[in-house]
Amino acid sequence: MNGYDSPRPESGRMSSGLVGTLLIGIGIVIGVVVASDFGWMPFGHAVPEAPLVKPAPPVPTVTPPVGVNGGEQNFVHVAKAVRPAVVSVFSTRTGKSEGPHAMPFEDPFFRRFFGDEFFRRFEQPPQRKERGLGSGVIVEPNGFIVTNNHVVSKADEIKVFLSDKREFKAKLIGTDAKTDIAVLKIEADGLHTIAWADSDKLEVGEFVLAVGNPFGLTHTVTLGIVSALGRAAGIAEYEDFIQTDAAINPGNSGGALVNARGELAGINTAIFSQSGGNMGIGFAVPSNLARSIMEQLVKHGKVVRGWLGVSIQDLSPELAYQFGLAEPKGVLVSEVLADSPARKAGLERGDVIVEYDGKPVENATQLRNAVAQTTVGKKAVVKFMRDKKARTAEVAIVEQPKNVAQAGNEDAGEAAPSSGRLSDLDVRELTPELAARFGLGANERGVVIAKVRQGSAAEESGLKEGDLMLEVNRQPTPTLKAYERAASKLGKGQAVLLLIKRQGRPLFVTLKP
């Protein structure tokens, strides 16, 4: 039954033939209306182009946020207040549906969330006029709308449909692919809006409502809770997602996630799904991040991000022990880039940042987002641990460069002796052949891990073939001889702190006894 349960007709009810006819009709309607915000649909004769009409109805009043009536779990007033501020966003484009960037559903990140079967239903031949469907949120009464970048990406034309049936052509003010946020503008005044919430005050377990247009079913409201905060899902470069179990489906992207007071807590962005539908795991961009991106796009036409100039990683209990810390709080600095604000402020590799600009640092994602949102030119206070001592530095944040560099005998090709604490590793002097084999740059120098014994402690620690070995227990290993000297000093039951370089980025790894 195509995955849906359907009761059999009983005597005195509709005949099976009539039911089948109705189901086929419903299927045709759904097939026409459904359009994923992650994919594109061709125009069809069943979806005629509606004329652009702009009647002049009375100016609606802006309803203030309201809470749950009398403390009861009744969200009727909240739904009435926010639904008029959520719009349908239609985007159209003409072009080939081939190539890695031709259509949003070719992006492997989105296939991960929706599955191959869902996208096969919407695959199209090249050179077709295509349509995308998503949602948006009116945040200013003069027509500014926040949505997702993937809803309007590469669109030739964007139309917005309001709850009162009015239709507008929308101007794309700006997009930010790194957070998947876009801003639209329509020529209208006195529109319903949703007030911004302070997403930093959002708590796990709090009620939230998702409002949008799933599968083209406009102004649908679903209820859930905040399942988690600070999620990274691997679909955007800067992620600090709110996770919710409120039902979110294709078409909801760009819609509103509101709290029990009717305030905009987030912009619905993605779901985790193996079927193409809701599985109780949805993600939304927090309102504070979305608002910051919107304000920059409106004011500057682009997003200006702050830059500290360090490579960082999360602190595990093993790494915390290696650096003399009682508990794994903060993030570990694995590299300080030359001429960066961090270098000028005196930060060094091996420092553990525990506080940034007055707020505790929980993980690398949080610090990265906080620095990116710092106003360029601001002097931020950074607290960190070095040699078991707390230190403070004032760092002048600068604009993030467009291209940030990630910070021996080539002919030797010798292998280090296979003995001692690092006997599970086959470490060799880097040669042009090994560099080509592991996809390393022509200018790389040092020693490389050529093989990791399966099932060994080295493999369990995350070491991989092709990792460049930079340090062993804080001793630099630029050559094979230096590596051998450092390895020979390791005790039998001693945990080893390694500094490697993987895909251009330094990374500390602890090799357990």
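Of the GluC sites (Glu not before Pro) in the range 227-332, the ones in a loop by DSSP (not H, G, I, E or B) with at most 16 other beta carbons within 10 Å are Glu237.
Sorting 279-292, 244-257, 196-209, 433-446 by average packing, meaning the other beta carbons within 10 Å per residue, from highest down gives 244-257, 279-292, 196-209, 433-446. Applying 1/(1 + (r/R0)^6) with r as the Cβ-Cβ distance of Lys154 and Glu327 and R0 = 51 angstrom yields a FRET efficiency of 0.60.
Take 177-184, 333-340 and order them by the average number of nearby Cβ atoms within 10 Å per residue, most first; the result is 177-184, 333-340.
For the range 141-220, the share of accessible area belonging to carbon and sulfur comes to 50 percent (1.4 Å probe, ligands and nucleic acids excluded).
Averaged per residue, what accessible surface does the range 246-345 expose to a 1.4 Å probe, in Å²? Computed with neighbouring chains in place, this is 35 Å² per residue.
Which whole-percent values make up P(r) of the range 137-256 when all C-alpha to C-alpha distances are grouped in 10 Å steps starting at zero? Result returned by the calculation: 12, 41, 38, 10, 0.
Here is the P(r) of the range 308-401: all C-alpha pair distances, binned every 5 Å from 0, give 3, 16, 27, 28, 17, 7, 3, 0 in whole percents.
Between Met279 and Ala396, the contour length at 0.36 nm per residue exceeds the alpha carbon distance by 37.7 nm. The residues of the range 443-513 present an accessible area of 52 Å² per residue when probed at 1.4 Å with all protein chains retained. Hull volume per residue, based on the alpha-carbon atoms of the range 256-322 and their convex hull, is 210 Å³.
Accessible surface of the range 230-325, 1.4 Å probe: 46 percent of it comes from carbon and sulfur atoms.
Determine the distance separating the Cα centre of the range 431-489 from the Cα centre of the range 377-394; give it in Å without decimals. With the range 431-489 and the range 377-394 each reduced to a Cα centre, they are spaced 31 Å. For the range 301-334, applying the loop criterion from DSSP together with a ceiling of 14 other beta carbons within 10 Å to the trypsin sites (Lys or Arg not before Pro) yields Lys302.
As a length-normalised measure over Cα pairs under 8 Å and 6 or more apart, the relative contact order of the range 168-316 settles at 23 percent.
The mean accessible area for residues of the range 129-202, using a 1.4 Å probe and ignoring ligands and nucleic acids, is 37 Å² per residue. Translational diffusion coefficient of the range 127-186 at 4 °C, 1.567 mPa s, Stokes-Einstein with Kirkwood Rh over Cα pairs, in µm²/s as a whole number. This corresponds to a translational diffusion coefficient of 108 µm²/s.
The values are calculated or read from the model by the stated rules, or taken from the named source; none is laboratory data. Just so we're clear, the structure is a prediction, and the values are computed from it rather than from any experiment. When we count neighbours, we look across all protein chains shown, and the Cβ atoms used for this are built from the backbone with ideal geometry, even at glycine. Surface areas here come from the heavy atoms of the whole protein model, side chains and all, with no ligands, DNA or RNA. Shrake-Rupley method; radii C 1.70, N 1.55, O 1.52, S 1.80 Å.
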